[in-house]
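J.: Have a look at this one before I ask anything.
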Amino acid sequence: MYDQSVEGLPVVGTPADEARRLRQTMDRDTAENRAIRRAIVLSGATGFVMGLPGYVTMPVTVPSNIAGVLLIQFNMCATLAALCDHHPRDETVRREAIRCVLASRDDVDVEVQDNTDATVPSSSDTQGSVRDADDSDDEALGLIERFTTKLGERGIRFLGEQAFRLGYQTVRRANHGSRSLPLLGGAIGAVSDGVETRSVGRRARRAFANVPLGGGGDDLPPAT
């Protein structure tokens, strides 16, 4: 999914092109804020649309909602990396972007790579393997949290529908009013995905701004 997001999305485009376009008219901080805000709007719109259908379509809408938001968040992370003069296709950028998106906590630690002699054994090799395993577990937990959150949203919508119906005195008024209830699920999905994307953007912005990642090969203009 990360590779697909780097190739470009229908509305968003490629991260490299977007970073180039933003840096032509604004400084890096403003460009990063613009990229994060755009991702929040797009993910919120995705959550709203996917939250409208009922329970019968949950096996389709829940995975589609998660996949669509992940693509937007990966694209945002790659754009933020490009704004910091990193190549979106660099393997280190790819790994850090996945960590930022699928982290089950907000305090994501990013690793500073030290270009030392690879032939010299280091005591940090074993620690690095353990860290990679911990990252995989954390990413798996983050993905599970996505599904759990979406199922919880549907449960909140169900409770809201029941409370809405019980508030009416007649069945006719309840059935007539329930036609507007899908908006409740859409609003919940939009807020949830928007807030999550905002957190991911903060993590990615901190990661790519403070860590000297591997050099890229993209012909991007220098940052303002």
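J.: For residue 88, only one of the following conditions fails: (1) part of a helix (DSSP H, G or I); (2) of a type outside the set (Val, Ile, Thr); (3) in contact with a Pro (Cβ under 8 Å, 6 or more places away or on another chain). What is its number?
T.: (1)
J.: Taking segment 35-59, which residues are touching a residue at least 60 places away in the same chain (Cβ under 8 Å) and of a type in the set (Ser, Thr, Tyr)?
T.: 43, 46, 55, listed by residue number.
J.: Condition (residue is modelled with pLDDT of 80 or more, more than 20 Å from residue 11 (Cβ to Cβ) and of a type in the set (Ser, Thr, Tyr)) applied to segment 81-95: is it met by at least one residue?
T.: Looking for residues that are modelled with pLDDT of 80 or more, more than 20 Å from residue 11 (Cβ to Cβ) and of a type in the set (Ser, Thr, Tyr), one finds at least one in segment 81-95, hence yes.
J.: Is it the case that segment 60-79 has a residue that's buried (at least 23 other Cβ atoms within 10 Å of the Cβ) and more than 15 Å from the chain's Cα centre (by Cα)?
T.: Taking every residue of segment 60-79 in turn, none turns out to be buried (at least 23 other Cβ atoms within 10 Å of the Cβ) and more than 15 Å from the chain's Cα centre (by Cα).
The values are calculated or read from the model by the stated rules, or taken from the named source; none is laboratory data. Because the structure is predicted, anything quoted here is derived from the model rather than measured. No Cβ is skipped: glycine too gets one built from the backbone with ideal geometry, and neighbour counts run over all protein chains shown.
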